[in-house]
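First comes the structure, then the notes that go with it.
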Amino acid sequence: MKKYVLVIGCLWMLTLAAAAQVNNYYVNTSTGSDSNNGTSASACGAGCGPWKTWAQANTAARLGTAGATVHFADGTYVGSTSNSCGALNNAAFCITHGGTATQPLIYQCDNGLNGNAGHPGVPGHCLLRESSDVNNDELIGSVGTNYTTIQGFDIGGDGSHPATQVQSGWTIYAKDGTGLFMNGSYNYLHDMTMGAPASNNPNGEGPGCPPTGAIEYDGAYPVAPGRNGTDGTFIGNWINNVGLVTNTACNEFHGMYVGNGPRMRVQNNIVGNVPGSGIKIYGSNCSSVVTNNLVYHTGWWGILVRDTGNGACQAQGAAVGLSTISNNQIVNTGFNKNCGAIAEGSGSGTNLYANNLLIGNQSGQNVPVANCSTTPIPSPSIVTGNLNTANSGATTANTFVNYLDNGTGDYHLKAGSVAIGAGSTACVSGGISPCIPATYFAGFARPSRPSIGTDELGTSATQPPDAPTNLSAIAQ
């Protein structure tokens, strides 16, 4: 009898293990082959080992009962500009198969997480580049996908693989009921779109200004129930030098253009050197959070929050407004046009603007302001605890270790900064809670009273090292 009990117990444990299976696949541009089976090593014989390309992962990866993770090794991955991404046309890299709520799909650079994707002047570990500089719609296009994560990649152009003509870094197609629960985190997007043809802007704003963003939700207009994406998450990305920043007329290319529907989370991102806005929640503003970001040196706005009345919120059963915009650092924005460090469009509902730090912005220090005006907007929004040079003495010199407009500075908080421990944990009533990121840019837990911005006190030399990734336990 005891033997039967043991056998039944073992079968029960095997069933549980099968029910929670994550399929792990591996891609290595140096040692892989697309004729392999996508395993981590070749010890099992011929045909075993990692794939070589992103395209093969998109074709061959399959969801386990608990989803799938595609692990990318360090290297430069060059995508063909002729890949067809369906409704998004050609792109260097496509994702045409997504996940589900219980079976998420993750594409990740294993060594690029928690702030290690790269930053200006320091390339990341897994570089996504296009094979030639052409006027493609995007570097990465995701179509017909839900519950999909892209994390840890260096996405953009360099001297060997320029991407001046590409129109977007990552575009999420969300016009057909997909684009739900998409996640882009810990990526470095840079050096793209500066040479996009003027014909890409239908409003005559000139070159380097397609009406998109380095990260863009491509929403549905006119809006119908179930057509727009919801619940996007964008954490810990660094975006720098995208679009033509010298085009003073350009107000339609942005760092992050993610106002597609309800419940967008935009946290711990660093965004700068963009001609339009650093972060744009537009044209649907409902129950989103934009917290603990650094936006610097942008042409028109720092953060723009606006609901255009397109009905996307209502179509998804959400009220307009109820967004929390807190603990952000907005620095030296509006160098092309005075449009607002943080601006809110009329009719955008009741939102909370709390404990944001504003330094050197052309529009002055009122938060929020009407579009391209220094006048505080007549809205029901709640404004509290915001800091600026006049009321706190904050400057770039006494806030950051080494602030530079070009993105190559050290944006950790300097000892003694008024931003340290000055953040808010309050969320707008009726909105998403908690609304403050649990960790800071490097991936470590924030204190109970967070600082304003992406980081806590310290420099890259004094902060603890980033947590190791891609570790697994082996039973002996």
(message) For segment 147-172, give me each residue that is under 16 Å from the mean Cα position of the chain (by Cα) and in a loop (DSSP other than H, G, I, E, B).
(response) Tyr147, Gly152, Phe153, Ser168, Gly169
(request) Assess whether Ala68 counts as being of a type in the set (A, V, I, L, M), part of a strand (DSSP E or B) and at pLDDT 95 or above. (result) yes
(request) Check Ser287, Ser326 and return the single one that is hydroxyl-bearing (Ser, Thr, Tyr) and at positive phi. (result) Ser287
(request) Look at Ala354 and say whether it is at pLDDT below 95 and among the small types (Gly, Ala, Ser). (result) no
(message) Which count do you get for residues in segment 6-50 that are aromatic (Phe, Trp, Tyr) and either exposed (fewer than 11 other Cβ atoms within 10 Å of the Cβ) or at pLDDT below 80 (or both)?
(response) 1
(message) If I filter segment 44-62 for residues that are within 20 Å of Gly169 (Cβ to Cβ), part of a strand (DSSP E or B) and in contact (Cβ under 8 Å) with a residue 24 or more places away in the chain, do I get at least one hit?
(response) no
(request) May I ask you to say which residue of Asn310, Asn260, Asn273, Asn285 is more than 23 Å from Gly443 (Cβ to Cβ), in contact with a Lys or Arg (Cβ under 9 Å, 6 or more places away or on another chain) and polar (S, T, N, Q)? (result) Asn285
(request) Considering only segment 107-135, state which residues are buried (at least 20 other Cβ atoms within 10 Å of the Cβ), assigned to a strand (DSSP E or B) and hydrophobic (A, V, I, L, M, F, W, C). (result) Cys109, Cys126, Leu127, Leu128
(request) Go through segment 245-277 residue by residue and tally those that are small (Gly, Ala, Ser), modelled with pLDDT of 95 or more and touching a strand residue (DSSP E or B) at 6+ places or on another chain (Cβ under 9 Å). (result) 4
(request) Give segment 225-266 a look and list any residue that's hydroxyl-bearing (Ser, Thr, Tyr), touching a residue at least 60 places away in the same chain (Cβ under 8 Å) and surrounded by 22 or more Cβ atoms within 10 Å (Cβ to Cβ), or say none. (result) Thr230
(request) May I ask you to verify whether Gly299 is within 21 Å of the chain's Cα centre (by Cα) and surrounded by fewer than 24 Cβ atoms within 10 Å (Cβ to Cβ)? (result) no
(request) Please specify each residue of segment 283-307 satisfying the condition of being among the small types (Gly, Ala, Ser) and touching a Phe, Trp or Tyr at 6+ places or on another chain (Cβ under 9 Å). (result) Gly283, Gly299, Gly302
(request) Tell me which residues, restricted to segment 199-219, are part of a loop (DSSP other than H, G, I, E, B), surrounded by 21 or more Cβ atoms within 10 Å (Cβ to Cβ) and within 20 Å of the chain's Cα centre (by Cα). (result) Cys209, Pro210, Thr212
(message) Looking at Ser160, Ser185, can you tell me which residue is in contact (Cβ under 8 Å) with a residue 12 or more places away in the chain, surrounded by fewer than 24 Cβ atoms within 10 Å (Cβ to Cβ) and out of contact with any Gly (no Cβ under 6 Å at 6 or more places or on another chain)?
(response) Ser160
(request) Determine, yes or no, whether Ala87 is outside any loop (DSSP other than H, G, I, E, B) and surrounded by fewer than 21 Cβ atoms within 10 Å (Cβ to Cβ). (result) yes
(message) Pull out all pairs, ordered by first then second residue, where Cβ-Cβ is under 7 Å, the residues are six or more apart or on different chains, the first lies in segment 103-122 and is closer than 20 Å to Gln267 by Cβ, and the second is of a type in the set (Phe, Trp, Tyr) and surrounded by fewer than 22 Cβ atoms within 10 Å (Cβ to Cβ).
(response) Pro104/Tyr147
(request) Among the residues of segment 362-388, count how many are farther than 17 Å from Ala426 by Cβ and at pLDDT 90 or above. (result) 1
(request) Go through (1) touching a Lys or Arg at 6+ places or on another chain (Cβ under 7 Å); (2) more than 17 Å from Ser326 (Cα to Cα); (3) assigned to a strand (DSSP E or B) and name the single condition Asn240 misses. (result) (1)
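The values are calculated or read from the model by the stated rules, or taken from the named source; none is laboratory data. Model, not experiment: these values are computed from the prediction. Cβ: placed from backbone, ideal geometry, glycine included. Neighbour counts: every protein chain shown.
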